[in-house]
């Protein structure tokens, strides 16, 4: 896809993951948005046990708010229903993982965080949030 302008259809397919998603525990919502040709996600609601990024390995960042925090970064669309080469930050652990997102259907998004290769990781399913 590099090197050519995306058609309207390609843009619509690429944007299929845009919108708000609910975590499996239903304790937070993440808004996935696009900047240029990359995709990002930030927490828009819910913070679990703390409203701050207390587990961050960088002490200077532990006082930042979780609401508005970008936890999905630099994803690129690869194929029809996959976005990869990005990372996910897990504020519950204060760790960042390589990540791949796969749209299973319009309402189910598989998030696979891993270290090294995708085979060595764990997945969870986020569900589309409809108000």
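The set of residues in segment 18-37 that are outside any loop (DSSP other than H, G, I, E, B) and more than 17 Å from residue 49 (Cβ to Cβ) comprises 19, 20, 21, 22, 30, 31, 32, 33, 34, 35.
Can you tell me which residues in segment 100-112 are surrounded by fewer than 20 Cβ atoms within 10 Å (Cβ to Cβ) and assigned to a strand (DSSP E or B)? Steps first, answer last, please.
Of segment 100-112, the ones surrounded by fewer than 20 Cβ atoms within 10 Å (Cβ to Cβ) are 102-108, 110, 112.
The answer is 102, 103, 104, 105, 108, 110, 112.
One residue stands out among those in segment 80-99 that are in contact with a strand residue (DSSP E or B) (Cβ under 9 Å, 6 or more places away or on another chain) and loosely packed, with under 14 Cβ neighbours inside 10 Å: the one that is farthest from residue 44 (Cα to Cα), which is 80. Somewhere in segment 27-45, is a residue in contact with a helix residue (DSSP H, G or I) (Cβ under 8 Å, 6 or more places away or on another chain), surrounded by 16 or more Cβ atoms within 10 Å (Cβ to Cβ) and touching a residue at least 40 places away in the same chain (Cβ under 8 Å)? Checking segment 27-45: at least one residue is in contact with a helix residue (DSSP H, G or I) (Cβ under 8 Å, 6 or more places away or on another chain), surrounded by 16 or more Cβ atoms within 10 Å (Cβ to Cβ) and touching a residue at least 40 places away in the same chain (Cβ under 8 Å).
Select from segment 48-63 the residues that are in a loop (DSSP other than H, G, I, E, B) and out of contact with any helix residue (DSSP H, G or I) (no Cβ under 8 Å at 6 or more places or on another chain) and list them in ascending order. Even if it seems obvious, please write down each step before you answer.
So the first thing to find is which residues in segment 48-63 are in a loop (DSSP other than H, G, I, E, B), and the list is 48-51, 53-58, 62-63.
Passing the criteria: 48, 49, 50, 51, 54, 55, 56, 57, 58, 62, 63.
Would segment 64-82 turn up any residue that is touching a residue at least 60 places away in the same chain (Cβ under 8 Å), in a strand (DSSP E or B), closer than 15 Å to residue 30 by Cβ and more than 11 Å from the chain's Cα centre (by Cα)?
At the first step, the residues of segment 64-82 found to be touching a residue at least 60 places away in the same chain (Cβ under 8 Å) are 77, 80-81.
Remaining after also requiring in a strand (DSSP E or B): 77.
Adding the requirement that they be closer than 15 Å to residue 30 by Cβ leaves none.
No, every residue in segment 64-82 fails to be touching a residue at least 60 places away in the same chain (Cβ under 8 Å), in a strand (DSSP E or B), closer than 15 Å to residue 30 by Cβ and more than 11 Å from the chain's Cα centre (by Cα).
Taking the numbered list (1) on the phi < 0 side of the Ramachandran plot; (2) at pLDDT 95 or above in turn, residue 119 passes all entries but (2).
Could you list, in sequence order, all residues of segment 100-114 that are out of contact with any strand residue (DSSP E or B) (no Cβ under 9 Å at 6 or more places or on another chain) and in contact (Cβ under 8 Å) with a residue 24 or more places away in the chain?
So in segment 100-114, the residues out of contact with any strand residue (DSSP E or B) (no Cβ under 9 Å at 6 or more places or on another chain) come out as 105.
Across segment 100-114, there are no qualifying residues.
The values are calculated or read from the model by the stated rules, or taken from the named source; none is laboratory data. On a predicted model such as this, the values are computed, not experimentally measured, just so you know. As a convention, Cβ positions derive from the backbone with ideal geometry for all residues, glycine included, and neighbour counts pool all protein chains shown.
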